[in-house]
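Chemist: Okay, here's the structure, questions in a sec.
The values are calculated or read from the model by the stated rules, or taken from the named source; none is laboratory data. Computed from a prediction, not measured in an experiment: that's the story for all the values here. Here the Cβ is made from the backbone with ideal geometry for all residues, glycine too, and neighbour counts use every protein chain on show.
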Amino acid sequence: DGGPSADAARRERVKSPEELRSHAWYGTGGLRSFSHRARTRQLGYLPEEHLGKPVVAVLNTWSDINPCHQHLRERAEAVKRGVWQAGGFPLEFPVATLSETFQKPTPMLYRNLLAMETEELLRSYPVDGAVLMGGCDKTTPALLMGAASAGLPAVFVPAGPMLRGHWRGETLGSGTDMWKYWDDKRAGLIGDRELAELECGLARSPGHCMTMGTASTMTAVAEALGVTVPGASSIPAVDSGHSRMAAAAGRLAVELVWQDLRLPELLTREAFEDGIATAVALGGSTNAIIHLIAMAGRSGVKLTPDDFDAIARRVPVLANLRPGGAYLMEDFHYAGGLPGLLARLAEAGHLHLDRPTAAHATLREQIAGALVHDDDVIRPLDEPLAAEGGIAVLRGNLAPDGAVIKHIAAEPRLLRHTGPAVVFENYRQLQDRIDDPALSITADSVLVLRGSGPLGGPGMPEYGMLPIPAYLLKEGVRDMVRLSDARMSGTSYGACVLHIAPESHAGGPLALVRTGDPVTLDVPARLLRLEVDEAELARRREELRPPPAPYGRGYGALYQRHITQADTGCDFDFLARPGEVPEPYAG
Ligand code: FES
Ligand code: MG
């Protein structure tokens, strides 16, 4: 272990029990603190069990409808065990569950709602520190965004990936193989019996998607940011090591309270650059771009899509994980997991090793001694899966504020391509018409979907991997150039240009495309261009009428008034910055 003295100095306690935030609720001697103590007796605790101890809120996104988090109800007990052991007082809070598969139109509509809930719960209750339990796609950024804004010490407990899927002797990846076999079904290669078997094999244990989708990307990013127990993010959900990690997270949260080490102090520009480098080296989800920009905004760090493009140009893809590679998260864990990958990035000078993490004085100490046990799963620097990161940010008259492509997951022949557009106004029209031979779609066509951005979707659903017409699938076509203002599941693949900003609903140039217009994609030149002259585009722009806002009331109305575009992270404008919020008076 690199620098025990630095670590020891960091572990010094700087707070006294009277300086705990919860003291304002419990220890002031007035009527209210009498009431709070009486109500804690009502909860079944004696004074000596909690007074003078850090109150650690355990925010749990468990729900019966979230298969990725089904073990978190039980796992919260391990977190509490750790909090008690370290002399803290754990209190579990159920918070909104964002279940990627079930919640419609998309859990992305509700990421900011969970972030608000997280922030406001932490602020309004007698909480000194927090353990955040999540992992299914949007839960990770939501919890961290809210906790960063609340400004308390916090530790993230990643739900952990599910075990590998299996079917007829083959290894299956959740998401990725669902898309693949659905195309096989549409091409007539498999039938109902095979589908029924696949239903049982695609996702066969608790845990989040075990491909390098959004969940695995964001939990790994959380670890790279330094806000988890070291090594936490790769542990399979059902591995006993996951319980040990959860207990360690409880102990760590208590220590952070005494050290007064708050989340925003860890979430620095350097930390976010390392988060981006990690996402890139993993061949991670394009969604990470939006989430990291939003998370950074909460601690006053301004990230842009160009930061991702710049880092992706110098950081190689080392993790050989689906959808870009061959293996799954279980293999990644056995191969050394994220600490192994971070050690390789550090070796090449891609990380800021002197910044602090929750568990160690420096990232250098945190990853000291980490090893890789399988060079095919976590590639050596001189044998990467791709020499350049898999993500590129495109610009051009079709995407003035940028667009994104995960080119590592696309057929290389499509990365420089000009073809005629076939335009769909929205997702329903796309589903109704994609197999219609009258559209005369060929393998060279450029499929365009609009009306699917943050406002138009609404919530920017994961519609970005537009389906290929069944008649082309039967001819063996498995990739085409596709454009949209939507996002794409991190488990998806293909030459899909995503996050086009501004979106069509907000009057972006995507709204001006017509079927038959030539469109050029040139990934090496980072270009996305509509080959129509400016005068014609100006004429079309004049004819454009703003579409009606879908929500007349409720959360949706708040959302459509305040949501920002993809290039600024899709946070609410009033949440997207640090700023003073008064502490509630608890006396
Ligand atoms: Fe929960 Fe994929 S559905 S992580
Ligand atoms: Mg997903």
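Chemist: Of these, 276, 290, which one is touching a Phe, Trp or Tyr at 6+ places or on another chain (Cβ under 6 Å) and of a type in the set (Val, Ile, Thr)?
Modeler: Matching residue, one of 276, 290: 276.
Chemist: Which of the residues spanning segment 361-381 are more than 13 Å from residue 332 (Cβ to Cβ) and surrounded by 21 or more Cβ atoms within 10 Å (Cβ to Cβ)?
Modeler: Once the filter is applied, which keeps residues that are more than 13 Å from residue 332 (Cβ to Cβ) and surrounded by 21 or more Cβ atoms within 10 Å (Cβ to Cβ), segment 361-381 yields 361, 363, 365, 366, 367.
Chemist: Give just the number: which of (1) more than 13 Å from the chain's Cα centre (by Cα); (2) farther than 21 Å from residue 567 by Cβ; (3) surrounded by 24 or more Cβ atoms within 10 Å (Cβ to Cβ); (4) modelled with pLDDT of 95 or more does residue 258 not satisfy?
Modeler: That leaves (3) as the condition not met.
Chemist: Name the residue, out of 145, 116, 133, that is over 14 Å from residue 250 (Cα atoms), crowded, with 24+ Cβ neighbours inside 10 Å, aliphatic (A, V, I, L, M) and more than 16 Å from ligand 2 (Cβ to nearest atom).
Modeler: Only one candidate qualifies: 145.
Chemist: So, in segment 81-109, of the ones that are assigned to a helix (DSSP H, G or I) and buried (at least 21 other Cβ atoms within 10 Å of the Cβ), which residue ends up nearest to ligand 1 (Cβ to nearest atom)?
Modeler: Applying the filter and picking the extreme gives 107.
Chemist: Filter segment 355-393 for residues that are outside any helix (DSSP H, G or I), over 25 Å from the mean Cα position of the chain (by Cα) and closer than 17 Å to residue 228 by Cα and give the result.
Modeler: Answer for segment 355-393, where residues must be outside any helix (DSSP H, G or I), over 25 Å from the mean Cα position of the chain (by Cα) and closer than 17 Å to residue 228 by Cα: 361, 368.
Chemist: Would segment 320-338 turn up any residue that is among the polar types (S, T, N, Q), touching a residue at least 60 places away in the same chain (Cβ under 8 Å) and buried (at least 21 other Cβ atoms within 10 Å of the Cβ)?
Modeler: yes
Chemist: Among the residues of segment 110-136, which ones are within 16 Å of the chain's Cα centre (by Cα) and either more than 18 Å from residue 559 (Cβ to Cβ) or more than 16 Å from ligand 1 (Cβ to nearest atom) (or both)?
Modeler: 112, 113, 115, 132, 133, 134, 135, 136
Chemist: Could you check how many residues of segment 556-587 are hydroxyl-bearing (Ser, Thr, Tyr), under 23 Å from residue 124 (Cβ atoms) and surrounded by 13 or more Cβ atoms within 10 Å (Cβ to Cβ)?
Modeler: Selection size over segment 556-587: 1.
Chemist: Of all residues in segment 268-306, which are surrounded by fewer than 24 Cβ atoms within 10 Å (Cβ to Cβ), part of a loop (DSSP other than H, G, I, E, B) and of a type outside the set (Ser, Thr, Tyr)?
Modeler: Across segment 268-306, the qualifying residues are 300, 301, 302, 303.
Chemist: Looking at 81, 123, which one is out of contact with any strand residue (DSSP E or B) (no Cβ under 9 Å at 6 or more places or on another chain), more than 30 Å from residue 326 (Cβ to Cβ) and modelled with pLDDT of 95 or more?
Modeler: Within the list 81, 123, the selection yields 123.
Chemist: For residues in segment 465-499 being within 16 Å of ligand 1 (Cβ to nearest atom) and not aliphatic (A, V, I, L, M), which is surrounded by the most Cβ atoms within 10 Å (Cβ to Cβ)?
Modeler: It comes out as 487.
Chemist: Could you tell me whether any residue of segment 126-135 is closer than 30 Å to residue 461 by Cβ, in contact (Cβ under 8 Å) with a residue 12 or more places away in the chain and assigned to a helix (DSSP H, G or I)?
Modeler: No, that holds for no residue.
Chemist: Can you name the residue in segment 210-231 that is assigned to a loop (DSSP other than H, G, I, E, B), modelled with pLDDT of 95 or more and among the small types (Gly, Ala, Ser) and, of all such residues, is farthest from ligand 1 (Cβ to nearest atom)?
Modeler: 226
Chemist: Let me ask something additional. Would a scan of segment 438-451 turn up a residue that is β-branched (Val, Ile, Thr), buried (at least 19 other Cβ atoms within 10 Å of the Cβ) and out of contact with any Ser or Thr (no Cβ under 9 Å at 6 or more places or on another chain)?
Modeler: There is at least one residue in segment 438-451 that is β-branched (Val, Ile, Thr), buried (at least 19 other Cβ atoms within 10 Å of the Cβ) and out of contact with any Ser or Thr (no Cβ under 9 Å at 6 or more places or on another chain).
Chemist: I need the full set of residues from segment 44-99 which are among the polar types (S, T, N, Q) and farther than 21 Å from residue 121 by Cα, in order please.
Modeler: 66, 70, 85
Table: residues versus (1) in a loop (DSSP other than H, G, I, E, B); (2) more than 30 Å from residue 564 (Cα to Cα); (3) free of Cβ contacts under 8 Å to residues at least 60 places away in the same chain.
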{"position": "443", "(1), (2), (3)": "yes, yes, yes"}
{"position": "448", "(1), (2), (3)": "no, no, no"}
{"position": "452", "(1), (2), (3)": "yes, no, yes"}
{"position": "460", "(1), (2), (3)": "yes, no, no"}
{"position": "465", "(1), (2), (3)": "yes, no, no"}
{"position": "471", "(1), (2), (3)": "no, yes, yes"}
{"position": "478", "(1), (2), (3)": "yes, yes, no"}
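Chemist: Right, something else. Would you tally the residues in segment 160-201 being at pLDDT 90 or above and under 21 Å from the mean Cα position of the chain (by Cα)?
Modeler: Count: 6.
Chemist: A further question follows. Could you please let me know if residue 122 is within 16 Å of ligand 2 (Cβ to nearest atom), within 26 Å of residue 568 (Cβ to Cβ) and surrounded by 21 or more Cβ atoms within 10 Å (Cβ to Cβ)?
Modeler: In short, no.
Chemist: While we're here: Of everything in segment 405-432 that's among the basic types (Lys, Arg) and free of Cβ contacts under 8 Å to residues at least 60 places away in the same chain, which residue is nearest to residue 478 (Cα to Cα)?
Modeler: The selected residue is 413.
Chemist: Moving to a separate point now. Which of the residues belonging to segment 381-413 are touching a strand residue (DSSP E or B) at 6+ places or on another chain (Cβ under 7 Å) and of a type in the set (Lys, Arg)?
Modeler: 395, 406
Chemist: Here is a further query. Being surrounded by fewer than 16 Cβ atoms within 10 Å (Cβ to Cβ) and touching a residue at least 60 places away in the same chain (Cβ under 8 Å): is that true of residue 514 here?
Modeler: So residue 514 fits the description; yes.
Chemist: Right, next: Out of everything in segment 51-77 that is hydrophobic (A, V, I, L, M, F, W, C) and either under 21 Å from the mean Cα position of the chain (by Cα) or surrounded by fewer than 20 Cβ atoms within 10 Å (Cβ to Cβ) (or both), what residue ends up being nearest to residue 26 (Cα to Cα)?
Modeler: It comes out as 51.
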